[in-house]
Ligand code: 5GP
Ligand code: ZN
């Protein structure tokens, strides 16, 4: 299976270890790490190892790894509680007009531990 890379992409460099990151879970298809500018404690980015700018560029087998990994991260962060609080946002931006800054698909997992923290 071939994996697309972009030698100039900061997230491809993070996957390869060329830029340091605080890694959480790595699988054959995905890589997750702490966001460098967290909007809440434990703000995580989950990315496919396949380089593509937008969601529709990523092959299904790479995408289908993301949600099971995210469930594991929710447990790691003790957010797997069936109550109003805590909660979490799981979101993804595509294109500059939609507030995407890094052009390698990434999913934000943002803990919501009280009503007043986090962006959303
Ligand atoms: P976007 O606005 O593209 O959806 O979000 C990009 C995210 O990547 C931002 O939350 C930003 O803080 C994060 N980010 C950008 N560069 C780096 C980096 O070099 N390391 C890490 N860990 N996060 C980064
Ligand atoms: Zn990339």
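Values in this text are rule-based calculations from the coordinates and carry no lab data. What you are looking at is a predicted structure, and each value in this text was computed from that prediction instead of being measured. A quick note on method: Cβ atoms are made from the backbone with ideal geometry, for glycine too, and the neighbour counts reach across all protein chains shown.
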Worksheet item: At a Förster distance of 22 Å, what's the computed FRET efficiency of residue 89 paired with residue 23, Cβ-Cβ distance as r, to 0.05?
Response: 0.55
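Can you compute the helix-only [θ] at 222 nm over the chain? Use -39500 (n - 2.57) per DSSP H run of at least 4 residues, normalise by all residues, nearest 500 deg cm²/dmol.
Details: 3 runs with 22 residues, N = 120.
Calculated from helices alone, the mean residue ellipticity at 222 nm is -4500 deg cm²/dmol.
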Worksheet, complete the sentence: One checks the Cα atoms of the stretch 10-112 and finds Rg and Dmax, in Å, of 13.2, 40
Fill in: Nearest-ten-degree value, helix 66-76 long axis tilted from longest Cα axis of the chain
40
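For the stretch 10-112, what relative contact order do you get, as a whole percent, if you take Cα pairs closer than 8 Å and at least 6 residues apart?
Relative CO of the stretch 10-112 lands at 30 percent.
Which order do the peptides 24-36, 74-86 come out in when sorted by mean C-beta neighbours inside 10 angstrom, highest first? Let's see the in-between values first.
Working: 24-36: 17.2, 74-86: 11.5.
Ranked from most to least packed, the peptides come out as 24-36, 74-86.
By how many nm would the segment from residue 75 to residue 57 lengthen if fully extended, with 0.36 nm per residue of separation less the alpha-carbon distance?
Values: separation 18, 0.36 × 18 = 6.48 nm, distance 2.88 nm.
Result: 3.6 nm gained on full extension.
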